[in-house]
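Peer 1: Here it is, the structure, as structure tokens.
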């Protein structure tokens with residue numbers, strides 16, 4: 001199993017190209033099941049989750065091709081993938097595939113919408129919380145589907161097709177909104193989604209579906225209206241830049257000092273997090289090329305944050321911000337309101353010398369003068385990169401184990417950081 005070795009103490013200087021967003025690419029790929037024509041996606045990140053989803057889609061009969069590199073492209077500039085579900089040969093998504101990636105459960109919506117049936121394994125447990133699928137299934141029932149749970153599988157049926165309906169989510173759910181969108185675009189009649197997720201990745205999916213022929217208004221607001229159509233066609237679509245990767249590298253610069261241009265980043269996708277970073281002492285400057293991040297000479301100031309759905313502070317940046325606050329002047333309060341059990345990185349940060357006290361959904365982070373390198377263990381995707389951020393500023397050597405978590409969501413992380421002066425390398429046991 002690979003490990004990441006980091007020797008801390010180096011400021012980051014240079015440029016980091018921001019990859020396409022994983023959280024946008026996955027539902028876009030799943031949307032290929034809605035049409036028998038070709039969906040071509042550009043700027044798709046090279047990640048373990050993308051490769052796994054290609055295997056899952058292939059199981060349903062989706063053919064895919066990955067375009068070769070073009071002049072000027074590198075390993076960190078994304079890839080183009082062509083997807084075509086001319087014939088769906090299997091409406092079952094088996095446990096051995098779905099259990100490896102929760103987002104793959106979303107295939108239930110396009111399979112049901114196009115084929116009138118779907119049998120998809122329940123995804124099982126998750127390191128950062130239960131994340132149940134009940135709201136996703138509720139959305140399908142509102143569109144006329146019958147849902148049964150049989151042997152660990154959700155079995156959805158709509159033999160006469162889905163019907164437009166009103167879906168009111170009791171809480172904001174990105175997965176539920178993705179599912180409702182993909183089901184409603186082929187339903188007969190009008191669907192209204194209330195309390196819809198406003199995340200940029202939802203908007204990206206809606207824009208792609210619209211280019212395929214869907215009739216959607218209101219994406220990016222709490223109320224989305226979909227007028228169903230009989231069929232969708234193919235299209236080309238470019239995945240939006242990854243706001244979580246953007247925020248992660250911005251926090252790494254704030255942690256280590258230096259001056260880095262985040263190429264291709266869009267500030268409108270994470271303005272709350274950028275404002276928080278500025279309050280902590282970083283200088284954030286939007287440019288025509290992306291976002292420039294500079295750590296001023298006055299150190300880091302403690303800032304309180306609460307995670308919220310978009311446009312609030314993202315839960316997917318909570319662990320990274322906590323790593324930053326371990327070196328701040330004063331004590332920061334971080335409240336996690338989205339996922340339970342999303343403080344598992346606390347014990348590993350403590351191994352580096354962090355002082356963090358937990359009280360329910362609150363973490364009190366007391367800044368320290370120095371962190372010291374140590375072996376640490378990644379517990380999930382965002383927690384793992386928080387350890388990298390802390391290690392970049394720690395004295396001495398840190399080894400991050402279980403880096404397969406990183407490979408699920410960060411494209412060429414050690415290459416990007418190394419190009420900006422970080423002393424970082426991957427150690428393979430193979």
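Peer 1: Please work out if residue 360 is surrounded by fewer than 23 Cβ atoms within 10 Å (Cβ to Cβ), free of Cβ contacts under 8 Å to residues at least 24 places away in the same chain and more than 15 Å from the chain's Cα centre (by Cα). Walk me through it before giving the result.
Peer 2: On the way: surrounded by fewer than 23 Cβ atoms within 10 Å (Cβ to Cβ): yes; free of Cβ contacts under 8 Å to residues at least 24 places away in the same chain: yes; more than 15 Å from the chain's Cα centre (by Cα): yes.
In short, yes.
Peer 1: A further question on this structure: Do we find a residue being more than 25 Å from the chain's Cα centre (by Cα), modelled with pLDDT of 95 or more and at positive phi anywhere in region 294-309?
Peer 2: Looking for residues that are more than 25 Å from the chain's Cα centre (by Cα), modelled with pLDDT of 95 or more and at positive phi, one finds none in region 294-309, hence no.
Peer 1: Going by the conditions given, is residue 232 touching a residue at least 40 places away in the same chain (Cβ under 8 Å) and closer than 24 Å to residue 315 by Cα?
Peer 2: On the way: touching a residue at least 40 places away in the same chain (Cβ under 8 Å): yes; closer than 24 Å to residue 315 by Cα: no.
The answer is no for residue 232.
Peer 1: Kindly indicate whether any position in region 9-17 is out of contact with any strand residue (DSSP E or B) (no Cβ under 7 Å at 6 or more places or on another chain) and either in contact (Cβ under 8 Å) with a residue 12 or more places away in the chain or under 30 Å from residue 371 (Cβ atoms) (or both).
Peer 2: no
Peer 1: Only one of 267, 309 is closer than 24 Å to residue 78 by Cβ and surrounded by 15 or more Cβ atoms within 10 Å (Cβ to Cβ); which?
Peer 2: On the way: 309 fails: closer than 24 Å to residue 78 by Cβ.
Result of the check over 267, 309: 267.
Peer 1: Counting just the residues of region 74-86 that are in a loop (DSSP other than H, G, I, E, B) and touching a helix residue (DSSP H, G or I) at 6+ places or on another chain (Cβ under 8 Å), which one comes out nearest to residue 226 (Cα to Cα)?
Peer 2: Restricting to residues being in a loop (DSSP other than H, G, I, E, B) and touching a helix residue (DSSP H, G or I) at 6+ places or on another chain (Cβ under 8 Å), the top hit is 85.
Peer 1: Out of the residues in region 148-172 meeting the condition of being in contact with a helix residue (DSSP H, G or I) (Cβ under 7 Å, 6 or more places away or on another chain) and at pLDDT below 95, tell me which one is surrounded by the most Cβ atoms within 10 Å (Cβ to Cβ).
Peer 2: Filtering region 148-172 for residues that are in contact with a helix residue (DSSP H, G or I) (Cβ under 7 Å, 6 or more places away or on another chain) and at pLDDT below 95, the one surrounded by the most Cβ atoms within 10 Å (Cβ to Cβ) comes out as 154.
Peer 1: Taking residue 334, is it in contact (Cβ under 8 Å) with a residue 24 or more places away in the chain, within 23 Å of the chain's Cα centre (by Cα) and surrounded by 19 or more Cβ atoms within 10 Å (Cβ to Cβ)? Break it down into steps so the answer makes sense when it comes.
Peer 2: Values: in contact (Cβ under 8 Å) with a residue 24 or more places away in the chain: yes; within 23 Å of the chain's Cα centre (by Cα): yes; surrounded by 19 or more Cβ atoms within 10 Å (Cβ to Cβ): yes.
Answer is yes for this residue.
Peer 1: With modelled with pLDDT of 90 or more, surrounded by fewer than 19 Cβ atoms within 10 Å (Cβ to Cβ) and closer than 29 Å to residue 18 by Cβ as the only criterion, which of 129, 72, 58, 116 stands out? Outline the logic, then answer.
Peer 2: On the way: 129 fails: modelled with pLDDT of 90 or more; 72 fails: modelled with pLDDT of 90 or more; 116 fails: closer than 29 Å to residue 18 by Cβ.
On inspection, the qualifying residue turns out to be 58.
Peer 1: Quick one: is residue 421 surrounded by fewer than 24 Cβ atoms within 10 Å (Cβ to Cβ), over 22 Å from residue 48 (Cα atoms) and in contact (Cβ under 8 Å) with a residue 60 or more places away in the chain?
Peer 2: Values: surrounded by fewer than 24 Cβ atoms within 10 Å (Cβ to Cβ): yes; over 22 Å from residue 48 (Cα atoms): yes; in contact (Cβ under 8 Å) with a residue 60 or more places away in the chain: yes.
Answer is yes for this residue.
Peer 1: Continuing with the same structure: Need the failing condition index for residue 189 against (1) in contact with a strand residue (DSSP E or B) (Cβ under 8 Å, 6 or more places away or on another chain); (2) touching a residue at least 60 places away in the same chain (Cβ under 8 Å), just the number.
Peer 2: The number of the failed condition is (2).
Peer 1: May I pose another question? Give the residues of region 354-378 that are touching a helix residue (DSSP H, G or I) at 6+ places or on another chain (Cβ under 7 Å), part of a loop (DSSP other than H, G, I, E, B) and at pLDDT below 95, sorted by residue number.
Peer 2: 378
Peer 1: Given region 230-342, what helices (runs of 4 or more DSSP H) lie entirely inside it while holding 2 or more residues that are in contact with a helix residue (DSSP H, G or I) (Cβ under 7 Å, 6 or more places away or on another chain) and over 20 Å from residue 371 (Cβ atoms)?
Peer 2: Per the criteria, 243-256, 271-280.
Peer 1: Test residue 226 against the criterion of being touching a residue at least 60 places away in the same chain (Cβ under 8 Å) and closer than 16 Å to residue 324 by Cα, and give yes or no. Even if it seems obvious, please write down each step before you answer.
Peer 2: Working: touching a residue at least 60 places away in the same chain (Cβ under 8 Å): yes; closer than 16 Å to residue 324 by Cα: no.
No, not satisfied.
Peer 1: In this structure, does residue 220 turn out to be surrounded by fewer than 22 Cβ atoms within 10 Å (Cβ to Cβ), in contact with a helix residue (DSSP H, G or I) (Cβ under 7 Å, 6 or more places away or on another chain) and assigned to a loop (DSSP other than H, G, I, E, B)? Don't jump to the end; show me each part of the working.
Peer 2: Values: surrounded by fewer than 22 Cβ atoms within 10 Å (Cβ to Cβ): yes; in contact with a helix residue (DSSP H, G or I) (Cβ under 7 Å, 6 or more places away or on another chain): yes; assigned to a loop (DSSP other than H, G, I, E, B): yes.
Criteria met by residue 220.
Peer 1: Does region 389-396 contain at least one residue that is surrounded by fewer than 17 Cβ atoms within 10 Å (Cβ to Cβ) and farther than 23 Å from residue 309 by Cβ? If you could, list the steps in order and put the result at the bottom.
Peer 2: Here is the first cut: in region 389-396, the ones surrounded by fewer than 17 Cβ atoms within 10 Å (Cβ to Cβ) are 395-396.
Next, from what is left, pick out any that are farther than 23 Å from residue 309 by Cβ: 395-396.
Checked region 389-396: at least one residue is surrounded by fewer than 17 Cβ atoms within 10 Å (Cβ to Cβ) and farther than 23 Å from residue 309 by Cβ.
The values are calculated or read from the model by the stated rules, or taken from the named source; none is laboratory data. This is a predicted model, so every value here is computed, not measured. Reconstructed Cβ throughout: ideal geometry from the backbone, glycine too, with neighbour counts over all protein chains shown.
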